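Read-outs throughout are calculated quantities, based only on the coordinates presented, and are distinct from any laboratory measurement. As the structure is a prediction and not an experimental result, all values here were calculated from the model. So basically every Cβ, Gly included, is an ideal-geometry build from the backbone, and we count neighbours across all protein chains shown.
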Amino acid sequence: MGGNGTFAAGNVVKYRWEAVGSVHGVKVLALKDKGLSRKLPEEAHSSRMYIQQHEDGTFSQLRIYDHLHRLRFEVAFHPETDIDKSRRDVLHYHVYTYRSGSSHFRRSEARPLRPRMWNKLKKYMKGMTFNEER
């Protein structure tokens with residue numbers, strides 16, 4: 001995956017990510033160059049979902065993509081001052097929307113993960129418990 005996972009407008013872009021495992025059939029990705037942005041790709045090439053883990057193997061981020069390979073939903077565990085002003089890590093989600101015919105997305109504000117979402121996605125979040133705090 002190159003260009004942080006984008007198709008890069010037809011240009012050849014060096015791959016930034018590599019699959020290093022899987023959790024319940026979903027690819028776990030790791031950066032090839034640890035100095036780059038740690039966000040998972042905005043577009044998917046071969047999967048509808050990707051997971052990122054911390055160095056110790058615990059959950060960091062999960063992204064879900066639509067049939068057009070576009071990012072639609074993200075769950076992450078890091079500081080979000082919209083939810084917790086103390087800058088502690090918080091389990092939260094964002095929703096991504098697109099205008100018709102456009103590749104530009106709009107990301108929702110961070111929202112605390114809901115119990116129903118947790119129950120559906122917890123199997124992918126190794127090392128996490130609901131309402132997790134670090």
TODO: Hey, can you grab everything whose amide H is under 5 Å from the amide H of Glu80? Only 5+ residues off in sequence or another chain; H modelled, so Pro and N-termini drop out.
DONE: Val90
Open item on the list: Between segment 42-77 and segment 88-131, how far is it from one alpha carbon centroid to the other, in angstrom?
Closed with: 10 Å
- [ ] Using a cut-off of 15 Å between beta-carbons, work out the net charge of the residues near Arg107 (Lys and Arg +1, Asp and Glu -1, Arg107 not included).
- [x] 0
Task: Gyration tensor (Cα) of the chain, equivalent ellipsoid semi-axes in angstrom - done: 24, 18, 14
Task: Reach of Lys120 by Cα under 18 Å, taken over aspartates and glutamates that are not fewer than 8 positions away in the same chain - done: Asp66, Glu74, Glu132
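Looking at segment 49-107, which trypsin sites (Lys or Arg not before Pro) are DSSP coil and have at most 11 other C-beta atoms within 10 Å of their C-beta? Intermediate values should be presented prior to the final figure.
Working: sites: Arg63, Arg70, Arg72, Lys85, Arg87, Arg88, Arg99, Arg106, Arg107; in loops: Lys85, Arg87, Arg88, Arg99.
Those that pass, being in a loop and sparsely packed, are Lys85, Arg87, Arg99.
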Task: Calculated from backbone phi, Karplus (6.51, -1.76, 1.60) coupling profile of segment 106-116 in Hz, x at Gly/Pro - done: 10, 9, 6, 4, 5, 10, x, 4, 8, x, 5
Task: Once exposed loop GluC sites (Glu not before Pro) are cut out (DSSP; at most 15 other Cβ, 10 Å), longest piece of the chain - done: 1-54
Open item on the list: Using amide H atoms built in the peptide plane, which far-off residues or other-chain residues are under 5 Å from Met49 H to H?
Closed with: Tyr65
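In debye, nearest 20, what is the charge dipole magnitude of the chain about its Cα centre with +1 on Lys and Arg Cβ and -1 on Asp and Glu Cβ, if you could check?
Values: 25 positive and 15 negative charges, 57 e Å.
So the dipole magnitude of the chain works out to roughly 280 debye.
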TODO: Taking H placed 1.01 Å from N in the peptide plane, check which residues at least 5 places from Lys126 or on another chain put their amide H under 5 Å from its amide H.
DONE: Phe59
Task: Cα-only radius of gyration and Dmax that characterise segment 71-132, units Å - done: 13.0, 39
Task: Loop-located chymotrypsin sites (Phe, Trp or Tyr not before Pro) in segment 37-134 whose Cβ has at most 16 other Cβ within 10 Å (DSSP) - done: Phe130
